[in-house]
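To start, the structure under review is shown below, and the notes come after it.
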Number of protein chains: 2
Amino acid sequence: MKADALRGHLDPMILAVVEHEPLHGYAIMEALQERSGGELDLPTGTLYPALRRLERAGYLASEWSTVGGRKRRTYQLTSAGQKTLAAGRGEWEVFRTVIEGVLRPRTN
Amino acid sequence: MKADALRGHLDPMILAVVEHEPLHGYAIMEALQERSGGELDLPTGTLYPALRRLERAGYLASEWSTVGGRKRRTYQLTSAGQKTLAAGRGEWEVFRTVIEGVLRPRTN
DNA sequence: GTCTACATGTAGCGTTTCTACATGTTGCCT
DNA sequence: AGGCAACATGTAGAAACGCTACATGTAGAC
């Protein structure tokens, strides 16, 4: 998939992935890949900064832990994040309607 | 609508609008607004540079004319533009599937 | 004679994704 | 023992592109 097209849509996607269970960065990457049918392959240089941004914005909260000698930073959705996710879903519907309204072929 | 979300999707939208009939910049703006149900209100500083970019890329061809004392630059789709538009529609389908696959709420 | 709609354009900013680099552990294979 | 893949997190700097703000000019209505 054209990678840059994600612009502006990545945030709600990340929030959606941690909606029901907290996950660490690497697991979020895998979850996104799986849910997108393998289409989405985020570089770490995209994901990790995005996570820090979302935490700074107050939509995620993180916590360090060590599992099998490996350090993990686990992120969970805050209540502000939940609201933002809900808003993001709404905005997606609008966005999709707009794009499709324009893109749809016309017989004219 | 969240403005920046357009990123990467504006090009096919513009191409779609001039698919069946050549239009000048201002008319393209109006057509986008109409087809989007008023949701899309492109600033001229977005549209005009985009048109030049698309022309430079070979997807649009332009021609000056004067109508009622006003100068218009009318753009029409080239055959390369047609191909790109078709590709853009395909990419949109993929994109939409990916986003919705991730965003869709799960009962989990 | 002033204001709105029509019409086109440039300069520079800001955000976000990308590429490339940097570091370290665990476990498997040979 | 050595190497490599998967696991795990992160930074620096570049590139793309839509935005705001500015700049200019005509036609027609009030």
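The values are calculated or read from the model by the stated rules, or taken from the named source; none is laboratory data. Just so you know, these numbers come straight off a predicted model, no measurement behind them. Note: ideal-geometry Cβ built from the backbone for every residue, glycine included; neighbour counts use all protein chains shown. Note: accessible area is taken over every heavy atom of the protein model, side chains too, but ligands, DNA and RNA are not part of it. Shrake-Rupley method; radii C 1.70, N 1.55, O 1.52, S 1.80 Å.
Can you tell me which residue in the range B:75-86 is nearest to DNA strand C (Cβ to nearest atom), limited to those that are touching a residue at least 12 places away in the same chain (Cβ under 8 Å) and in a helix (DSSP H, G or I)? Taking the candidates together, the pick is B:GLY81. Only one of the numbered conditions (1) open to solvent by 70 Å² or more (accessible area, probe 1.4 Å); (2) without any contact (Cβ under 8 Å) to a residue 12 or more places away in the chain is violated by A:ARG72, and that is (2).
Test of understanding: among B:GLY25, B:GLY58, which residue is in contact with a Ser or Thr (Cβ under 9 Å, 6 or more places away or on another chain), over 28 Å from A:LEU10 (Cα atoms), free of Cβ contacts under 8 Å to residues at least 24 places away in the same chain and more than 8 Å from chain A (Cβ to nearest Cβ)? Talk me through it step by step, then tell me what you get.
On the way: B:GLY25 fails: free of Cβ contacts under 8 Å to residues at least 24 places away in the same chain.
Checking each option against the conditions leaves just B:GLY58.
Within 14 Å of DNA strand C (Cβ to nearest atom) and part of a loop (DSSP other than H, G, I, E, B), is that true of B:GLY8? It would help to see each step written out before you state the result.
Working: within 14 Å of DNA strand C (Cβ to nearest atom): yes; part of a loop (DSSP other than H, G, I, E, B): yes.
Against the criterion (within 14 Å of DNA strand C (Cβ to nearest atom) and part of a loop (DSSP other than H, G, I, E, B)), B:GLY8 qualifies.
Of all residues in the range A:11-45, count the ones that are open to solvent by 20 Å² or more (accessible area, probe 1.4 Å) and either more than 21 Å from A:ARG70 (Cβ to Cβ) or touching a His at 6+ places or on another chain (Cβ under 8 Å) (or both). Residues meeting the conditions: 9.
In the range A:11-20, which residue that is touching a residue at least 12 places away in the same chain (Cβ under 8 Å) and within 11 Å of another protein chain (Cβ to nearest Cβ) is nearest to DNA strand C (Cβ to nearest atom)?
The first filter runs over the range A:11-20 and keeps only residues touching a residue at least 12 places away in the same chain (Cβ under 8 Å), leaving A:11-19.
Imposing the further condition that a residue be within 11 Å of another protein chain (Cβ to nearest Cβ) reduces the set to A:11-17, A:19.
On the way: A:ASP11: 6, A:PRO12: 10, A:MET13: 9, A:ILE14: 9, A:LEU15: 12, A:ALA16: 14, A:VAL17: 14, A:GLU19: 18 Å.
Here the residue is A:ASP11.
A count restricted to the range B:34-53 and to residues that are more than 11 Å from A:GLY101 (Cβ to Cβ) and more than 9 Å from DNA strand C (Cβ to nearest atom) stands at 4.
Which residue out of B:LEU77, B:LEU51 is open to solvent by less than 80 Å² (accessible area, probe 1.4 Å) and away from every other protein chain (no Cβ under 14 Å)? Working first, answer last.
On the way: B:LEU77 fails: away from every other protein chain (no Cβ under 14 Å).
When all the criteria are applied, what remains is B:LEU51.
A single entry from B:GLY90, B:GLY58 fulfils the requirement of being at negative phi, open to solvent by less than 70 Å² (accessible area, probe 1.4 Å) and more than 16 Å from DNA strand C (Cβ to nearest atom): B:GLY90.
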